[in-house]
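Shown next, in structure tokens, is the structure this report addresses.
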């Protein structure tokens with residue numbers, strides 16, 4: 001078989017450049033509503049059934065690591081309190097470092113021994129000898145360290161033995177509870193990766209059979225989508241129904257909680273694959289190209305695997321699993337800090353608005369959120385109540401008579417955006433991300449999605465109160481096509497290069513960039 005020594009053969013940036021030359025019709029209308037791909041009753045029923053959030057195995061196993069570390073450490077401290085006493089000096093100098101180091105070492109060794117793989121967690125009795133051996137190895141290493149550091153006499157031998165036994169019992173009990181929970185979650189669909197297949201026929205059938213051969217596989221196939229007619233792509237493949245065409249899939253993925261999209265087409269169907277990716281890369285999903293039926297082989301590290309089935313990674317869903325947890329914690333912490341620091345400004349703004357014109361202090365506007373969901377974004381009201389524009393069809397321009405005197409000031413200084421910190425606490429927005437645009441926002445009577453190809457790809461992450469586009473000067477009125485194109489380019493750059501440090505950089509630069517009020521009316 002042929003080998004290819006290119007690890008970047010399916011690098012997302014390489015694919016993105018190739019997509020630029022592919023022409024396809026949009027699968028959504030400019031306002032994000034279903035276009036050509038109207039969903040069948042079966043597809044709607046399936047999407048509604050899959051609308052509930054599921055939990056990825058990565059999140060569950062990561063949580064288990066933290067829980068087992070906490071349980072082992074608590075056991076060590078409890079034995080110390082019951083037998084040794086409450087001498088704080090001795091605890092902090094000797095016992096606490098030993099307990100924390102021993103617990104962390106045990107978790108590390110269990111990880112090395114594959115004790116946190118889903119199959120190992122599912123079958124607790126089978127893997128307990130291996131896990132208990134790592135617990136004993138952790139104790140042996142702690143004892144060895146105490147010997148070389150000449151601190152062994154500082155520890156109670158009864159405490160040492162009691163912690164070992166109680167820790168082992170804790171592991172046995174917790175592992176059996178977790179095994180029961182995982183089996184139940186697998187039956188109920190709580191712990192699974194949901195996948196849809198693009199492409200039908202014999203290749204899709206072979207892919208499904210290969211996935212089903214692995215009894216420990218966590219993939220749940222939710223349906224098949226294919227543009228071909230029933231002569232080339234039957235309505236049922238290996239027991240799974242065809243739910244529609246690729247345009248339907250885009251709308252389906254807006255409703256259902258899907259994790260992965262698997263393209264079951266041969267590698268030599270390059271133009272067809274690129275045409276599909278042109279439509280599908282805007283979705284916040286892992287996109288994989290099945291390689292099980294291809295004779296062409298890449299280096300082993302070029303593949304990921306679904307069970308034993310090799311896949312070529314085309315796109316990864318941005319900011320998932322523990323990254324999403326870290327970003328959410330970041331958002332909550334800094335939003336609370338901002339509210340604590342800026343509440344006098346917000347109170348003063350509310351009073352000024354009330355004194356300047358009649359009507360409510362806050363203004364709500366429908367905007368696009370994550371995955372094109374429509375959300376209500378809060379702002380301080382900057383227009384006269386009877387002239388407010390919740391749809392944002394008519395953009396605010398310089399000297400706009402609809403804007404109040406107070407409104408002009410708070411819009412120029414972005415004070416009108418401060419209530420969006422409460423949107424962040426609600427989970428509708430992130431502190432940093434692509435700015436949310438109104439659902440029917442337009443430039444020269446053309447919806448943004450009609451101006452920018454791939455515009456909806458900026459909705460693969462939560463929108464933000466501030467973003468990389470604003471830092472680069474693309475703030476305020478959008479009165480020509482170039483401005484929305486540059487905004488979208490900055491948003492896509494942010495998504496592909498996200499990190500917490502990048503978020504911190506944008507937050508730090510935002511107050512300085514707000515001094516430039518050239519395009520803020």
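The values are calculated or read from the model by the stated rules, or taken from the named source; none is laboratory data. Given the structure is predicted, the values throughout are model-derived calculations rather than measurements. Cβ placement follows ideal geometry from the backbone for every residue including glycine, while neighbour counts extend to all protein chains displayed.
Some notes on this structure:
- Every pair of residues 6+ apart whose Cβ atoms lie under 7 Å, when the first sits in the range 41-61 and is loosely packed, with under 11 Cβ neighbours inside 10 Å while the second is outside any helix (DSSP H, G or I): 51/256; 51/257; 52/257; 53/257
Yes/no matrix, rows are residues, columns are (1) at pLDDT 85 or above; (2) in contact with a helix residue (DSSP H, G or I) (Cβ under 9 Å, 6 or more places away or on another chain):
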| position | (1), (2) |
| --- | --- |
| 233 | no, yes |
| 236 | yes, no |
| 264 | yes, yes |
| 268 | no, no |
| 283 | yes, yes |
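- Hey, residue 452 farther than 30 Å from residue 353 by Cβ, assigned by TED's automatic domain parsing to the domain that holds residue 353 and either within 19 Å of the chain's Cα centre (by Cα) or modelled with pLDDT under 90 (or both) or not: yes
- If the condition is being closer than 24 Å to residue 291 by Cβ and within 26 Å of the chain's Cα centre (by Cα), then the range 251-272 contributes 253, 258, 259, 260, 261, 262, 263, 264.
- Condition met for residue 117 (surrounded by fewer than 19 Cβ atoms within 10 Å (Cβ to Cβ) and within 27 Å of residue 61 (Cα to Cα)): yes
- Remark: residue 444 matches the filter, which requires a residue to be at positive phi and modelled with pLDDT under 95.
- Candidates 146, 138: the one that is modelled with pLDDT of 85 or more and out of contact with any strand residue (DSSP E or B) (no Cβ under 9 Å at 6 or more places or on another chain) is 138.
- Among residues of the range 459-503 being part of a strand (DSSP E or B) and touching a helix residue (DSSP H, G or I) at 6+ places or on another chain (Cβ under 7 Å), the one that is surrounded by the most Cβ atoms within 10 Å (Cβ to Cβ) is 465.
- Selected residue [under 30 Å from the mean Cα position of the chain (by Cα) and touching a residue at least 24 places away in the same chain (Cβ under 8 Å)] from 116, 95: 116
- Filter pass, residue 491 being more than 14 Å from residue 368 (Cβ to Cβ) and either modelled with pLDDT of 90 or more or in the same structural domain as residue 375 (by TED's automatic domain parsing) (or both): no
- Complete set of residues in the range 413-449 that are over 22 Å from the mean Cα position of the chain (by Cα) and either in a loop (DSSP other than H, G, I, E, B) or surrounded by fewer than 17 Cβ atoms within 10 Å (Cβ to Cβ) (or both): 413, 414, 418, 419, 439, 440, 441, 444, 445, 446
- Checked against the criterion of being more than 30 Å from residue 290 (Cα to Cα) and out of contact with any strand residue (DSSP E or B) (no Cβ under 9 Å at 6 or more places or on another chain), the range 179-190 contains one or more residues that satisfy it.
Residue-wise test of (1) over 20 Å from residue 453 (Cβ atoms); (2) assigned to a helix (DSSP H, G or I); (3) free of Cβ contacts under 8 Å to residues at least 24 places away in the same chain; (4) touching a strand residue (DSSP E or B) at 6+ places or on another chain (Cβ under 7 Å).
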position: 249; (1), (2), (3), (4): no, yes, no, yes
position: 252; (1), (2), (3), (4): yes, yes, no, yes
position: 258; (1), (2), (3), (4): yes, no, no, yes
position: 265; (1), (2), (3), (4): yes, no, no, no
position: 272; (1), (2), (3), (4): no, yes, yes, no
position: 279; (1), (2), (3), (4): no, yes, no, no
position: 284; (1), (2), (3), (4): no, no, no, no
position: 288; (1), (2), (3), (4): yes, no, no, yes
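- Looking only at residues of the range 504-518 that are in a helix (DSSP H, G or I) and touching a helix residue (DSSP H, G or I) at 6+ places or on another chain (Cβ under 6 Å), we find that the one that is modelled with the lowest pLDDT is 513.
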